[in-house]
Amino acid sequence: MAAPFARAVDHYLAHVRINKGLSDNTVEAYRRDLGAYLRFLRLRGRDGLAATADDVTAYLDALRRGEPPATRPLAPATVARMLVAVRTLYRWLAAEGYVADDPTAAIAPPRRPRALPKAIAVEQVEAMLEQPDAGLLGRRDRAILEVLYGAGLRISELVALDVDDIDLEGGTILVRAGKGWRTRRLPLGSAARAALTDYLTVSRPELARRARRAARGALFLNSRGTRLTRQGCWKLVKGHAARAGVAHVSPHTLRHSFATHMLDRGADIRVVQELLGHASLATTQVYTLVTAERLRDVYLAAHPRAR
């Protein structure tokens, strides 16, 4: 594989990070997917700057069959995502003059079933919220769960919060680290405000004293007094879900549940779009399918002549 193509990929990743404002997680996902494409081209002895539609099609076929660079057959949704990385790369390469033609232009994305967000019932959320104890970390965990569910935050948004982003008197939270770095100010419900007040008053000062270095204003701290990581947040959410007897729960499940429960109770979809920080209404509309499924299930179960 020619080095110029690898350098062009690096330039593209720098472009999407700096000029497009994509999050670190999104850029790293692109890097992984494009790395797989680079490995495929090396195996075939092909230069990405001279790749054809046949090369890209062969790459997609290899992913579907589980051949290198894949280690197992990949799902259509995964193949479609990896094609997006290659397609956006070549569109940029063509626009910048690296290649004369985009080899992905005529390639249709794989068909993939629409995946509905996985939400849990209100009662299950409440069971999770009852799990944290009154200890230092328990007060922190309750605040985390209340904010994740009460504001519908992504896990990356939650761990990036600083103390100054919380306005308890005004009942709002400022989210600065959304996708595309879109800033939004969200309302905080009474339960989340109470949990945050308890955490900020009792737990955070003690946790902060444990740090060897200042946490630079981080809102949520780990047991060592440093900023809580995504992995740490994921682990604590899974732990409280397991103790509540709720399976298959992640921090994003609480975000899905936030949106689904809002729409179930009559919230306007455009309001939910703003709360979630979705750039497109189409992204939010998938939640209307969830509520429609729920309505159908309730109808079939409750109406005497539904079956």
Inspect the range 231-250 for any residue being of a type outside the set (S, T, N, Q), surrounded by fewer than 19 Cβ atoms within 10 Å (Cβ to Cβ) and either modelled with pLDDT under 90 or part of a strand (DSSP E or B) (or both) and give the result as yes or no. yes
Condition (residue is modelled with pLDDT of 95 or more, surrounded by 21 or more Cβ atoms within 10 Å (Cβ to Cβ) and either over 30 Å from residue 279 (Cβ atoms) or not assigned by TED's automatic domain parsing to the domain that holds residue 136 (or both)) applied to the range 185-193: is it met by at least one residue? no
The number of residues in the range 119-138 that are surrounded by 22 or more Cβ atoms within 10 Å (Cβ to Cβ), out of contact with any Gly (no Cβ under 9 Å at 6 or more places or on another chain) and either farther than 20 Å from residue 286 by Cβ or at pLDDT 95 or above (or both) is 2
Here is a check on your reading of the model: is residue 228 touching a residue at least 60 places away in the same chain (Cβ under 8 Å) and among the hydrophobic types (A, V, I, L, M, F, W, C)? yes
Which residue is modelled with the highest pLDDT, if the candidates are limited to the range 251-292 and must be among the small types (Gly, Ala, Ser) and either in a helix (DSSP H, G or I) or within 21 Å of residue 157 (Cβ to Cβ) (or both)? 257
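Yes or no, residue by residue, for (1) among the hydrophobic types (A, V, I, L, M, F, W, C); (2) surrounded by fewer than 18 Cβ atoms within 10 Å (Cβ to Cβ):
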| position | (1), (2) |
| --- | --- |
| 23 | no, no |
| 36 | yes, no |
| 49 | yes, yes |
| 69 | no, yes |
| 72 | no, yes |
| 76 | no, yes |
| 82 | yes, no |
| 99 | yes, no |
Here's a check for you: in the range 9-53, which residue that is over 28 Å from residue 73 (Cα atoms) and in a loop (DSSP other than H, G, I, E, B) is modelled with the highest pLDDT? 19
Give the range 41-78 a look and list any residue that's hydrophobic (A, V, I, L, M, F, W, C) and under 28 Å from the mean Cα position of the chain (by Cα), or say none. 56, 60, 62, 63, 70, 74, 75, 77
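The values are calculated or read from the model by the stated rules, or taken from the named source; none is laboratory data. What you see is a predicted model, and the numbers here were worked out from it, not measured in a lab. In this analysis, Cβ positions are derived from the backbone assuming ideal geometry, glycine residues included, and neighbour counts consider all displayed protein chains.
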